[in-house]
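The values are calculated or read from the model by the stated rules, or taken from the named source; none is laboratory data. In this text, all values refer to a predicted model and were calculated from it rather than measured experimentally. Virtual Cβ from ideal backbone geometry, glycine too; neighbours counted across all protein chains shown.
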Amino acid sequence: MAQRAEEKKQLMTTTLTTPYIYYNKAQKASKKAEEFLESANRFFEQHDIEKTTEAYKKALEESPESAELLNNMGAILSAQGAVQEGINFLKKASEINPQCTGAFYNLGTLFLAHNLHAQAKEYLEKATVTNPTSAPILNNLGIAHMHLGEFDKAHEYFLKATELDKTFDYAFHNLGSVSYDRGQLEEAMHYFHKALELNAQNFASLNDLGCALYLEGKTKDAIAFFKKAIASNSLYRLPYHNLGYIVYKNELV
């Protein structure tokens, strides 16, 4: 058991966080602002972040008190690393419209990304007040609880997310993460398999299932899943680390 616990420390796993929310429509925005927002939507679909940001900026110049536009600007700036500026826009959006779910959710998700888990939980809980049936919000709130060591609560939110959206592979993966962290490997593998049934290319689930298999003594199976994770996303670094560790540890070179 002690050896397995030590090996578990060396393996790298992850939770799956749902991304920022952007609004395609803005209530009470001027006609000109709506036109800029429509342009931003097109640029966003084309993955042109620079032009999207500029279009949001122009829309805000036309309707500076639009909570939806403030939210979008805050989210896209945060995604580009302008964290404090992004926070300022998101907080202003939440102050102008306390029913702006996206602003609370994005603040929570932003804090989650920067390991500020107590703050993340605070804002994600506020998001559930305005939208209690959003699976992505519940998923991210579960992650905040998980990183705070509140595993029962995390499990509760992930499970509720899967009940609301039975195709939501992220929440099933995160149920596996809770079980894995608790040392409940059979249950963890069950949830990782469930996530993969929904999305066979989910490289995080492939990787984390490999970790659970290795701790169960199934080294060959673990290696196979790490290789599948790499094949699914060659830029994903965790399976390279895990594969290297296992090969070195077991003298398989």
Next item on the list: Starting from segment 100-120, take each residue that is in contact (Cβ under 8 Å) with a residue 12 or more places away in the chain and at positive phi and list its partners that are surrounded by fewer than 24 Cβ atoms within 10 Å (Cβ to Cβ) and hydrophobic (A, V, I, L, M, F, W, C), counting only C-beta distances under 6 angstrom and pairs at least six apart or across chains.
Entry: none
Checklist line | Filtered residues of segment 191-204 (kept if out of contact with any Asp or Glu (no Cβ under 7 Å at 6 or more places or on another chain) and crowded, with 17+ Cβ neighbours inside 10 Å) | finding: 191, 194, 196, 203, 204
Next item on the list: Go through segment 153-197 and give me each residue that's of a type outside the set (Phe, Trp, Tyr) and outside any helix (DSSP H, G or I).
Entry: 165, 166, 167, 182, 183, 184
Checklist line | Residues (surrounded by fewer than 18 Cβ atoms within 10 Å (Cβ to Cβ) and more than 19 Å from residue 107 (Cβ to Cβ)) located in segment 119-158 | finding: 133, 149, 150, 151, 152, 153, 156
Check: Within segment 223-231, can one find any residue that is under 19 Å from residue 151 (Cα atoms), in contact (Cβ under 8 Å) with a residue 12 or more places away in the chain and under 23 Å from the mean Cα position of the chain (by Cα)?
Finding: no
Next item on the list: Give 207, 250, 139 a once-over and let me know the one that is at pLDDT below 95, polar (S, T, N, Q) and not assigned by TED's automatic domain parsing to the domain that holds residue 105.
Entry: 250
